[in-house]
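Asker: Pasting in a structure now, in structure tokens, and then I'll have a few things to ask.
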Amino acid sequence: MFARFLPQTVPFFELLVQQNALLQEMSEALAVVMDNTEASERHLKRINLLEEEADRLYRSITQHLSQTFITPIDREDIHAINMAQERVADKIQHLANRFFISGFMYQRFPAQMITERIRGMLRDTKSMLDEISMKKEVSAHIHTLKSRKSDCEMLQSTGLAELMDSEIETFERVRELILWGQVYDRMERTVDAVSDLADTLEEVALKYV
């Protein structure tokens, strides 16, 4: 009779892990999109569907927070992780769509390597989230993630330098270089979003581990 008056508990860590798992799937699909093969369009559609699912999960977590009294960690920390992961989903979707609509006939090595580093960084965030849920140290994962981010910055510089050194022979070539510049910009934003997520997780870990 009085059950409905008892404090409601929600498995917030499980929901955040589910949200992070969607990011893992999106990053895997992103790698296929940017391989520029016949499978690219199918995986782009997959990314868009996953982003919609991530949106629904983000709203669900937000709604649960507004209705729940008991949380495993502070409400603002759950909200911060939820927001950070949602931003990563948005950035991956924007990057994938930008690359696909650009219609490139080939992939550039620095861009391919940055995509791989993004996947690795997201695996690191999953490990961090798992460790926080068990109140364990995350410092090793932070070190690995920051190393991957440094690689991204170096690859980004290399990729942009290649664009600057490219010979401009036709208007189509100018257009292609501009589009590649836009893709590299989207990649940088995606890396920054994943890095911001890691920073958020690190701050949470410092409070509870």
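We did not get these values from a lab; they are worked out from the coordinates using the rules stated. Quick caveat, the model's predicted, so the values are computed rather than measured. For neighbour counting, all protein chains shown are included, and Cβ atoms are generated from backbone atoms with ideal geometry for every residue, glycine included.
Asker: Region 82-177: which GluC sites (Glu not before Pro) are DSSP loop and have at most 16 other beta-carbon atoms within 10 angstrom?
Answerer: Answer by residue number: E137, E167, E169.
Asker: Where nothing but the Cβ of Lys and Arg (+1) and of Asp and Glu (-1) is charged, how large is the charge dipole of region 111-209 around its Cα centre, in debye to the nearest 20? Can you show the working numbers first?
Answerer: Values: 14 positive and 20 negative charges, 109 e Å.
With only Lys, Arg, Asp and Glu charged at Cβ, the dipole is about 520 debye.
Asker: Neighbour counts of other C-beta atoms within 10 Å: give me M26, M164, M113 arranged from fewest to most.
Answerer: Result, fewest neighbours first: M164, M113, M26.
Asker: Which one, I61, L155, A84, projects farthest toward the positive side of the charge dipole computed for the chain from Cβ point charges (K/R +1, D/E -1)?
Answerer: So the residue furthest toward the plus end is I61.
Asker: With +1 on the Cβ of every Lys and Arg and -1 on the Cβ of every Asp and Glu, and nothing else charged, how large is the dipole of region 166-209 about its Cα centre, in debye rounded to the nearest 20?
Answerer: On the way: 5 positive and 11 negative charges, 26 e Å.
Its charge dipole is roughly 120 debye.
Asker: Can you sort F109, F171, F13, F99 by how many other beta carbons sit within 10 Å, fewest first?
Answerer: The fewest-first ordering by Cβ neighbours comes to F171, F109, F13, F99.
Asker: Still on this structure, please answer the following. Would region 76-139 count as rounded, prolate or oblate if I go by the C-alpha gyration tensor, calling it rounded below 1.5 in a/c and otherwise prolate when a/b exceeds b/c, oblate otherwise? It would help to have the intermediate numbers written out before the result.
Answerer: Numbers: a/c = 5.20, a/b = 1.93, b/c = 2.69.
Oblate, since a/c reaches 1.5 and b/c is not below a/b.
Asker: Moving on. Can you give me the three principal axis dimensions of region 10-208 from its C-alpha atoms, in Å, biggest first?
Answerer: 64, 32, 22
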